[in-house]
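The values are calculated or read from the model by the stated rules, or taken from the named source; none is laboratory data. Every value quoted in this text rests on a predicted model; they were computed, and no experiment measured them. Ideal geometry is used to build each Cβ from the backbone, glycine not excepted, and the neighbour counts take in all protein chains shown. Please note that ligands, DNA and RNA were not included when accessible areas were found on the heavy atoms of the full protein model with its side chains. Shrake-Rupley method; radii C 1.70, N 1.55, O 1.52, S 1.80 Å.
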Amino acid sequence: QVQVVESGGGKVQPGGSLRLSCAASGMIFGIYTMGWYRQAPGKQRELVAAIIHSGSTNYADSVKGRFTISRDNAKNTAYLQMNSLKPEDTAVYFCNADIWVVGDTKTTRYWGQGTQVTVSS
């Protein structure tokens, strides 16, 4: 069984910073892509940032220059450093990972349960 668990959400004032973590565990052979998505009330889930195994990254235009995604392959963990936070960054942040489970012939996408980020004064 594989699990993906996010942590690090909370409430912060505009201009502040938060660091989210996403840890995958279980019978993992390898992880290809790890990504962060967010969903605000009444809006569709959107991609925030993604990183592949080699370290190449992709960001939504709205977070470029403010957010940084990274990963530690030895720990099967991804991070999202969020700086200069704005009220419009308020959302539930979800992590996903494309995981090669031991014994499988292809990757499967797993999602975490989400962590709330609130940016408000």
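The table that follows gives values for the structure above.
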quantity: Residues located in region 87-121, provided they are charged (D, E, K, R) and either over 17 Å from residue 47 (Cα atoms) or open to solvent by less than 60 Å² (accessible area, probe 1.4 Å) (or both); calculated: 89, 98, 104, 106
quantity: Hey, residue 57 buried (at least 16 other Cβ atoms within 10 Å of the Cβ), at pLDDT 95 or above and among the β-branched types (Val, Ile, Thr) or not; calculated: no
quantity: Pairs where the first residue, in region 1-26, is closer than 30 Å to residue 108 by Cβ and without any contact (Cβ under 8 Å) to a residue 24 or more places away in the chain and the second is part of a strand (DSSP E or B) and open to solvent by less than 40 Å² (accessible area, probe 1.4 Å), C-beta under 9 Å, 6+ apart; calculated: none
quantity: Count of residues meeting criterion [part of a strand (DSSP E or B), among the basic types (Lys, Arg) and over 16 Å from residue 79 (Cβ atoms)] in region 7-54; calculated: 1
quantity: Selection count where residues are of a type outside the set (Lys, Arg), open to solvent by less than 80 Å² (accessible area, probe 1.4 Å) and farther than 11 Å from residue 98 by Cβ, scope region 29-45; calculated: 4
